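The structure appears below as structure tokens.
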Amino acid sequence: MGGLGHFLESENIATTQISLIREHTEIIKPPRALWVSFPLGRPFGNPNDADFQRDVLKQALGLLKYQTGPVLEDYPEDAGEIEGPQAQIACPVNFSPPPPEKGSIDELCLNFRKEFSQMQSWHRLALEKNDRSTSGISDMSADAIGEMFCSFIAGKTAEAESDGKSLSDRLRLGAEDLKAIYLEALAAQPGQTTDGLALTDWFWGQTYAALVLNEVRRRCLSFGDKDMQLAGKLLLIPRNQMSRFGG
């Protein structure tokens with residue numbers, strides 16, 4: 001969006017935007033941007049809170065008062081907790097939540113492979129039912145994604161480039177596909193909730209996949225490459241979930 005903003009401004013069309021990742025906006029330097037501390041996918045805050053959402057929109061549009069940029073301002077409030085009972089996940093896989101201590105990398109990968117195998121079975125049912133999937137952006141099979149992550153956290157660094165993709169891109173895109181497979185597999189069970197917070201809490205709080213992604217994140221931070229650092233800091237685990245992993 002920042003790049004599009006620069007293009008529109010070159011045509012004398014004033015632009016403003018909402019930023020969910022401040023570091024990206026600082027690099028791209030769009031003409032005007034309002035940074036919000038809300039979870040990814042919720043640029044206006046919590047659903048069904050019209051007054052709060054209207055205020056966010058007003059502050060974003062208010063940046064149009066600046067004739068030139070770049071301008072980056074922070075929205076002064078968090079979205080806050082959603083009141084009322086949260087939907088519960090009826091998980092299609094009968095595994096216990098991961099223990100607080102992950103144990104060895106080998107043990108973690110063993111548990112992850114078992115979990116991922118079961119989730120893939122449910123994902124195949126989802127594909128048969130819906131004939132579509134949001135996974136596939138990595139151009140890797142599910143098995144290849146799982147093995148890539150386990151090999152990476154075990155210290156077996158893949159080649160820097162594969163099919164034109166850098167290692168950081170392969171890890172990032174693989175993580176997006178992994179999450180899509182898990183969430184679509186969950187939705188394959190009849191009567192499952194579609195509540196976004198419940199789904200997010202389930203994935204990041206109750207799966208070995210989340211623990212594996214955290215190990216991937218930690219190892220990315222050990223690289224000197226700026227793209228690997230960016231992946232480790234921002235692109236693998238949402239900032240609002242980092243507290244689960246001591247971050």
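Just so it is clear, none of the values below were taken in a lab; they were calculated from the coordinates. The model shown is predicted, which means the values in this text are computed figures rather than measured ones. For neighbour counting, all protein chains shown are included, and Cβ atoms are generated from backbone atoms with ideal geometry for every residue, glycine included.
Just a few scattered comments:
- Sequence ranges 142-151, 236-245, 6-15, ranked by mean other-Cβ count within 10 angstrom, highest first: 142-151, 236-245, 6-15
- Annotation: Cα Rg of the stretch 2-74 relative to the compact-globule expectation 2.2 N^0.38 Å equals 1.09.
- Residues whose placed amide H lies under 5 Å from that of Asp49, excluding near-sequence neighbours: none
- Label-point separation in nm, Asp143 to Leu4, each point 7 Å along Cα→Cβ: 3.9 nm
- Amide H within-cut-off set for Arg32, under 5 Å, with H built and near neighbours excluded: Gln17, Val71
- With 5 Å bins from 0: P(r) over the stretch 198-247, alpha-carbon pairs, percent: 4, 22, 32, 22, 12, 5, 2, 0
- Gain in span if fully extended, Lys156 to Lys233, counting 0.36 nm per residue against the direct Cα distance: 25.6 nm
- ³J(HN,Hα) computed for each position of the stretch 13-29 - Karplus, 6.51 cos²θ - 1.76 cosθ + 1.60, integer Hz, glycine/proline x: 10, 5, 10, 8, 8, 10, 10, 9, 10, 4, 4, 5, 5, 5, 7, 6, 6
- Listed values for the stretch 128-137 are Karplus-derived 3J(HN,Hα) couplings in whole Hz (6.51 cos²θ - 1.76 cosθ + 1.60, θ = phi - 60°), namely 5, 6, 9, 6, 6, 7, 8, 7, x, 6, and x replaces Gly and Pro.
- Cα-centre dipole for the stretch 2-74 with unit charges at Cβ (Lys and Arg positive, Asp and Glu negative), debye to 20: 60 debye
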